[in-house]
Amino acid sequence: MSEETKIEETTAAETISQDALDNFVSLKKGDTVKGTIVKIEDNQATVSLGYKYDGVIPLRELSSVQLDNAATAVQVGQEVELKVVSIDDEKEKLVLSKRAIDGEKAWEELQAKFDNSEAFDVVIADVVKGGLVADVGVRGFIPASMVERHFVEDFSDYKGRSIKVKVKEIDRENNKVILSAKEVLEADFEANKQKIIASLEPGQELEGTVQRLTPFGAFIDIGGIDGLVHVSEISWQHVAHPKDAVSEGQSVRVKVLKVDPAAGKISLSMKAAQPGPWDSAINSFNTGDIVTGTVRRIVDFGAFIEIAPGVEGLVHISQIAHRHVATPHEVLKEGQEVKAKILDFNPAQKRVSLSIKETEEAPEQAPRAERPARAPKEDHSAAIAANNQSLSFTLGERFGDKLSKFK
């Protein structure tokens, strides 16, 4: 190698070294720097800053929430802003924190979101006792009661899920941030509810799903909102409890009875969306038919007999038996099956008159006992005349001697 070549290589090496030195940054504790992730291990991430040696971000300094692995917080090649936690040039040890920088920025952003009631997405980092934890630059906590609109028993499958939340409470001094997903869901629900309510009209028929049952009725989901089918509107037949007729998750057809936008209430009917029992009865019964029915109700003046589902007729107390009946309870009881004759059938007025006694043979009447012959009237005229004669007299005969004194 010539002397000239050696001089050129030495000059180039000196130039490179000087350039590298010029690019080296000077660092001290508390500085904010930018770097690139060059390596990820389970418990730390290595960062190139352009310093004499690379720095590391320990797992605890990667996020405000507990992490299982550094890879869940950063990726190789990602540019990050960091704060110098400690520096030891002798040991070439540079400790950095991503959490510190994220936290400083987060408080201002969270306060702005809180002030504007802004909804934003978070990823659930952990499931803890009482709720969920999300990394929002600082540790954000979502209480169990603020996760969904409905009760959730097990949150184990929420980890890693992205959900939309609002800041419910913020306290920088105590490093406290409470988030609520329920508020977002409630707002979305109300907006959707009003939109659907505005599109509903009485008489409209819809497909729905039974959401929940109560003693007084069934709540039906009709596209994101619930309407109530009162127990009396579930079926044309008598239903004691909704669970006797429908079950949760069942698909049903309903008719809109009433919409109250102000109260947000929707009244629905299942039976109104089905053919009425009287419609089917028109071609099933005629006056004079003998039918079998069930005693449903007993009243003072008679009994109501169900002769078809939803079709009841009245047996007047005078038509229960051939003998005198003081009260229907003497002969009938609810749930009893009886035969009856249709005396009058008027489906237009939903009225049926029935008779039980007309299906039974009248008992034979005992022959009326012959009355004893009345004795002929005696003729008392002669006796009366004789008596009258014996009583007849004149005033002269009775008072003659006295009357003579006045002559």
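The values are calculated or read from the model by the stated rules, or taken from the named source; none is laboratory data. Because the structure is a prediction, the values reported are computed rather than measured. Quick reminder, even Gly has a Cβ in these numbers, built from the backbone with ideal geometry, and neighbours come from all protein chains shown.
Here is how the numbers come out for the structure above:
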quantity: Filtered residues of region 157-174 (kept if exposed (fewer than 13 other Cβ atoms within 10 Å of the Cβ) and not in a loop (DSSP other than H, G, I, E, B)); calculated: Asp157, Ser162, Glu169, Asp171
quantity: Breaking point among (1) under 27 Å from Asp226 (Cα atoms); (2) over 24 Å from the mean Cα position of the chain (by Cα), for Ile178; calculated: (1)
quantity: Residue among Asp121, Asp154, Asp188 that is assigned to a loop (DSSP other than H, G, I, E, B) and out of contact with any His (no Cβ under 6 Å at 6 or more places or on another chain); calculated: Asp154
quantity: Residue list for region 230-253, restricted to those being hydrophobic (A, V, I, L, M, F, W, C) and either within 17 Å of Phe216 (Cα to Cα) or not in a strand (DSSP E or B) (or both); calculated: Val231, Ile234, Trp236, Val239, Ala240, Ala245, Val246
quantity: Ile234 being within 30 Å of Ile342 (Cα to Cα), in contact (Cβ under 8 Å) with a residue 12 or more places away in the chain, of a type in the set (Val, Ile, Thr) and buried (at least 16 other Cβ atoms within 10 Å of the Cβ); calculated: yes
quantity: Near pairs, Cβ below 6 angstrom, 6+ apart or cross-chain, from region 133-159 (closer than 24 Å to Ile170 by Cα) to any residue that is among the polar types (S, T, N, Q) and not in a helix (DSSP H, G or I); calculated: Asp135/Ser63; Asp135/Ser64; Val138/Ser64; Arg139/Ser64; Met146/Ser180
quantity: Per-region count, region 187-235, residues among the polar types (S, T, N, Q) and touching a Gly at 6+ places or on another chain (Cβ under 7 Å); calculated: 2
quantity: Test for Phe114: is it aromatic (Phe, Trp, Tyr) and closer than 24 Å to Ile225 by Cα; calculated: no
quantity: Test: residue in region 104-111 that is outside the structural domain of Val138 (by TED's automatic domain parsing), crowded, with 18+ Cβ neighbours inside 10 Å and either out of contact with any Asp or Glu (no Cβ under 6 Å at 6 or more places or on another chain) or closer than 19 Å to Ser26 by Cβ (or both); calculated: yes
quantity: When residues of region 265-286 are limited to those that are under 20 Å from the mean Cα position of the chain (by Cα) and free of Cβ contacts under 8 Å to residues at least 40 places away in the same chain, the one surrounded by the most Cβ atoms within 10 Å (Cβ to Cβ); calculated: Lys271
quantity: Close pairs from region 82-93: first touching a residue at least 60 places away in the same chain (Cβ under 8 Å), partner assigned to a strand (DSSP E or B), Cβ under 7 Å, at least 6 apart; calculated: Ile87/Leu94
quantity: Scan of region 122-132 for residues that are buried (at least 20 other Cβ atoms within 10 Å of the Cβ) and in contact (Cβ under 8 Å) with a residue 40 or more places away in the chain, ordered by number; calculated: Ala125
quantity: Subset of region 50-101 [in a loop (DSSP other than H, G, I, E, B) and β-branched (Val, Ile, Thr)]; calculated: Val65, Val74, Val76
quantity: Checklist (1) surrounded by fewer than 18 Cβ atoms within 10 Å (Cβ to Cβ); (2) touching a helix residue (DSSP H, G or I) at 6+ places or on another chain (Cβ under 9 Å); (3) within 27 Å of Leu206 (Cβ to Cβ) applied to Val299, failing item; calculated: (3)
quantity: Failed item in (1) touching a residue at least 12 places away in the same chain (Cβ under 8 Å); (2) surrounded by 14 or more Cβ atoms within 10 Å (Cβ to Cβ), with Thr46 passing the rest; calculated: (1)
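Results for (1) surrounded by 13 or more Cβ atoms within 10 Å (Cβ to Cβ); (2) under 30 Å from His241 (Cα atoms); (3) not assigned by TED's automatic domain parsing to the domain that holds Ile142, shown as yes or no for each residue.
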{"residue": "Lys176", "(1), (2), (3)": "yes, no, no"}
{"residue": "Ser180", "(1), (2), (3)": "yes, no, no"}
{"residue": "Glu190", "(1), (2), (3)": "no, yes, yes"}
{"residue": "Lys193", "(1), (2), (3)": "yes, yes, yes"}
{"residue": "Gly208", "(1), (2), (3)": "yes, yes, yes"}
{"residue": "Gln211", "(1), (2), (3)": "yes, yes, yes"}
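Conditions (1) under 22 Å from Gln237 (Cα atoms); (2) surrounded by 13 or more Cβ atoms within 10 Å (Cβ to Cβ), marked per residue:
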residue: Leu314; (1), (2): yes, yes
residue: Val325; (1), (2): no, yes
residue: Leu332; (1), (2): yes, yes
residue: Ile342; (1), (2): yes, yes
residue: Asn346; (1), (2): yes, no
residue: Gln349; (1), (2): yes, no
residue: Ser353; (1), (2): yes, yes
